[in-house]
Amino acid sequence: MDTVMITAGRDKTVKLVNISKPVTMSPPDPNSSIGSMVYLPYSVLDGTKPYDADCNIYALGLMMWEIWHNGHVYKVHRNLTVRVFSAGIRQGNFPLEFETGKMDPTLEAYWEKTMRTSLSGDIAIKDCKDRMRRIKDLLNRKESAV
């Protein structure tokens, strides 16, 4: 399994790093509290799909939402059971709203598109890395203009 890391300092970079041997994860007890497992796709939570690299991209999309909104994703849902939470996500009952008007419209649109594509699972790791590089370039261009 990979872990998402963000480098310190002025030039923040998002990196996927492998800190452990890959393992197959058993689905959690459906009656346990979801807690921090909100970062797992519902297909892993309900046991229909193993944890794989796509799960890291999904988690990255959630972290992008958290960075943008400066808060925890699904904060009010963390006391739900795994079964209720994963069913709610699968059925679209807990949509993530995206705040606009915070930054340059070009960067904002690209950030949202990358975040939503990551959450949908419709992006390869290579393409995600390319998009993150583009976001970094847009951010650096805005910082240098100030």
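Residue check: is GLY61 modelled with pLDDT of 80 or more, buried (at least 19 other Cβ atoms within 10 Å of the Cβ) and small (Gly, Ala, Ser)?
Spelling it out, GLY61 is indeed modelled with pLDDT of 80 or more, buried (at least 19 other Cβ atoms within 10 Å of the Cβ) and small (Gly, Ala, Ser).
Pairs under 6 Å by beta carbon, first residue of a type outside the set (Gly, Ala, Ser) in the stretch 123-134, partner part of a helix (DSSP H, G or I), six or more apart or different chains?
ILE123/THR117; ILE125/ALA53; CYS128/ILE57; ARG131/THR114
I'd like the residue in the stretch 46-74 that is part of a loop (DSSP other than H, G, I, E, B) and without any contact (Cβ under 8 Å) to a residue 24 or more places away in the chain and, out of all such residues, is nearest to the chain's Cα centre (by Cα).
Step by step, filter the stretch 46-74, then rank; the result is HIS72.
Would you please list the contacts, defined by Cβ atoms under 7 Å and residues six or more apart or on different chains, that run from a residue in the stretch 16-45 that is modelled with pLDDT under 90 to a residue that is surrounded by 14 or more Cβ atoms within 10 Å (Cβ to Cβ) and part of a strand (DSSP E or B)?
LEU16/ASP2; LEU16/VAL4; VAL17/ASP2; ASN18/ASP2
Is the stretch 113-122 home to any residue that is outside any helix (DSSP H, G or I), within 25 Å of SER26 (Cα to Cα) and touching a helix residue (DSSP H, G or I) at 6+ places or on another chain (Cβ under 8 Å)?
Yes: the stretch 113-122 contains one or more residues that are outside any helix (DSSP H, G or I), within 25 Å of SER26 (Cα to Cα) and touching a helix residue (DSSP H, G or I) at 6+ places or on another chain (Cβ under 8 Å).
Quickly run through the stretch 97-121 and pick out the residues that are free of Cβ contacts under 8 Å to residues at least 60 places away in the same chain, under 13 Å from the mean Cα position of the chain (by Cα) and loosely packed, with under 15 Cβ neighbours inside 10 Å.
LYS113, SER120
The values are calculated or read from the model by the stated rules, or taken from the named source; none is laboratory data. These figures come from a predicted structure and were not determined experimentally. Quick reminder, even Gly has a Cβ in these numbers, built from the backbone with ideal geometry, and neighbours come from all protein chains shown.
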